[in-house]
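Participant: Let me begin by handing over the structure; questions about it come next.
Readers should treat all values here as calculations from the given coordinates under stated rules, not as data from a laboratory. All values reported here derive from a predicted model rather than from experimental measurement. Using ideal geometry, Cβ is built from the backbone for each residue, glycine included, and neighbour counts are taken over all protein chains shown.
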Amino acid sequence: GENVEQHPSTLSVQEGDSAVIKCTYSDSASNYFPWYKQELGKGPQLIIDIRSNVGEKKDQRIAVTLNKTAKHFSLHITETQPEDSAVYFCAASKPGSARQLTFGSGTQLTVLP
Amino acid sequence: DAGVTQSPTHLIKTRGQQVTLRCSPISGHKSVSWYQQVLGQGPQFIFQYYEKEERGRGNFPDRFSARQFPNYSSELNVNALLLGDSALYLCASSSQGGGNQPQHFGDGTRLSIL
């Protein structure tokens, strides 16, 4: 089955700096890659996603890049703010009757004021 | 519009008991998926239902079962609870069962087994 590896597991940045989280996936059939932000006591919140026919997608301070050849994708957050502090998860899924998401192990991002 | 709602928010059970968790999807969404999230890990897929039919099952024992109702709400049942079943159970809804439709999560049910 699909395996998604995520690193780093923890990341601390100064407010205003950029943060980058990286994920690799194992199944070349995977074609959908969402990113979720999870705050304490809450469920994961979809923040951005990318499909395999696109190499990059941007939404304000957040961007995601995808390298299908290398089977890795990354989340970039620019101009970080304290409210960006949370656990971030990458995920992957492949075509089929069930859109099963396989998640990475998460990155605890701390933005220091 | 209301997001995905789950009930109850917290639940405490003892080993061997049975539990039922409930989920209401976003209005208009026909697909519901269930995930288990153990503390410090990413969510793991348990089931997906679309139009009241099971579309996928993860690597979980038969103690776990689910169903979807005509109004697209869903229940997850877990029998013969074990200590290892302690986790956050998440429900996600999407507009379709397949395709690249985003899945939106509720805030989960925190299940503690004593």
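Participant: For a label point 7 Å from the Cα of A:Glu39 along Cα→C-beta, name the residues of region A:69-113 whose backbone N is under 13 Å from it.
Facilitator: A:82-87
Participant: Among the trypsin sites (Lys or Arg not before Pro) in region B:1-100, which ones are in a DSSP loop with at most 14 other Cβ atoms within 10 Å of the Cβ? Mind listing them? Write out the running numbers ahead of the final one.
Facilitator: Working: sites: B:Lys13, B:Arg15, B:Arg22, B:Lys30, B:Lys52, B:Arg55, B:Arg57, B:Arg63, B:Arg67; in loops: B:Arg15, B:Lys30, B:Lys52, B:Arg63.
Sites meeting the loop and neighbour criteria: B:Arg15, B:Lys52, B:Arg63.
Participant: In nm, to one decimal, how far is the modelled label at B:Thr14 from the one at B:Arg57, with both set 7 Å along Cα→Cβ?
Facilitator: Placing both labels 7 Å along Cα→Cβ, they lie 3.0 nm apart.
Participant: Treating cross-link reach as a plain straight distance, find the lysines whose alpha-carbon is under 22 Å from the alpha-carbon of B:Lys52, omitting any fewer than eight places away in the same chain.
Facilitator: Of all the lysines, those that pass the test against B:Lys52 - Cα under 22 Å, at least 8 places apart if same chain - are A:Lys94, B:Lys30.
Participant: In nm, to one decimal, how far is the B:Gln41 label point from the B:Glu75 one, both placed 7 Å along Cα→Cβ?
Facilitator: 2.7
Participant: Can you compute the charge dipole magnitude of region A:1-75 about its Cα centre, using +1 on each Lys and Arg Cβ and -1 on each Asp and Glu Cβ, nothing else charged? Give it in debye, rounded to the nearest 20. Provide the component values of the computation, followed by the final result.
Facilitator: Numbers: 9 positive and 9 negative charges, 34 e Å.
In total the dipole reaches around 160 debye.
Participant: Also: Distance between Cα centroids, region B:41-88 to region A:1-32: provide it in whole Å.
Facilitator: Each part's Cα centre sits 27 Å from the other's.
Participant: Just need the relative contact order of chain B here, percent rounded to a whole number, with Cα pairs under 8 Å and 6+ apart.
Facilitator: Numbers: 300 pairs, mean separation 42.0, N = 114.
Taking the mean separation of contacting Cα pairs over the length of chain B, I get 37 percent.
Participant: Only Lys, Arg, Asp and Glu count, each charged at its Cβ (+1, +1, -1, -1), so figure out the dipole size of region B:20-114 about its Cα centre, rounded to 20 debye.
Facilitator: Values: 8 positive and 7 negative charges, 11 e Å.
I would put it at about 60 debye.
Participant: Moving on. Please identify which residues in region A:72-113 have an amide N closer than 18 Å to a label point set 7 Å out from the Cα of A:Ser26, following the Cα→Cβ vector.
Facilitator: From region A:72-113, the list is A:72-73, A:90-95, A:100-106.
Participant: Charges on Cβ only, +1 for Lys and Arg, -1 for Asp and Glu, centred on the Cα centroid of the protein assembly as shown; of B:Pro61, B:Ser95, A:Cys23, which one is farthest towards the dipole's positive end?
Facilitator: B:Pro61
Participant: Shifting gears a bit: Full extension from A:Arg51 to A:Leu112: what is 0.36 nm times the residue separation minus their Cα-Cα distance, to one decimal in nm?
Facilitator: Working: separation 61, 0.36 × 61 = 21.96 nm, distance 3.21 nm.
Full-extension gain reported as 18.8 nm.
Participant: List the lysines whose Cα sits under 19 Å from the Cα of A:Lys58, skipping any in the same chain fewer than 8 residues away.
Facilitator: A:Lys22, A:Lys37, A:Lys68
Participant: Counting other beta carbons within 10 Å of each residue's own, what order do B:Ser73, B:Ser7 fall into, fewest first? Intermediate values should be presented prior to the final figure.
Facilitator: Working: B:Ser73 16, B:Ser7 12.
The most exposed by this proxy come first: B:Ser7, B:Ser73.
Participant: Oh, and also: Once phi is turned into ³J(HN,Hα) by the Karplus curve 6.51 cos²θ - 1.76 cosθ + 1.60 with θ = phi - 60°, what whole-Hz value does each residue of region B:109-114 show in order, with x for glycine and proline?
Facilitator: 10, 8, 9, 10, 10, 9
Participant: Have a look at the DSSP beta bridges in the protein assembly as shown and tell me what percent are antiparallel, nearest 5. Mind showing how you got there, number by number?
Facilitator: Working: 71 of 80 bridges.
Of all bridge pairs located within the protein assembly as shown, approximately 90 percent are antiparallel.
Participant: Using the number of other C-beta atoms within 10 angstrom as an exposure proxy, rank A:Thr10, A:Thr80 with the fewest first. Can you show the working numbers first?
Facilitator: On the way: A:Thr10 11, A:Thr80 21.
Lowest count first: A:Thr10, A:Thr80.
Participant: Ignore the peptide's own chain and count Cβ atoms of other chains within 10 Å of each Cβ in B:54-60; give me the average, rounded. Could the numbers behind the result be given before it?
Facilitator: Values: counts 2, 5, 5, 2, 4, 1, 0.
Partner Cβ neighbours, averaged per residue: 3.
Participant: A further question follows. May I ask you to derive the relative contact order of chain A, considering only C-alpha pairs under 8 Å and at least 6 residues apart, and to give it as an integer percent? Mind dumping the intermediate values first?
Facilitator: Values: 282 pairs, mean separation 41.4, N = 113.
Taking the mean separation of contacting Cα pairs over the length of chain A, I get 37 percent.
Participant: Lys and Arg at +1, Asp and Glu at -1: add these up for the other residues within a Cβ distance under 14 Å of A:Glu79 and post the number.
Facilitator: On the way: positive: A:Lys58, A:Arg61; negative: A:Glu15, A:Asp17, A:Asp59, A:Glu83, A:Asp84.
Surrounding charge for A:Glu79 is -3.
Participant: By counting other Cβ atoms within 10 Å of each Cβ, how are B:Phe69, A:Phe73 ranked from fewest to most?
Facilitator: Ascending number of Cβ neighbours within 10 Å: B:Phe69, A:Phe73.
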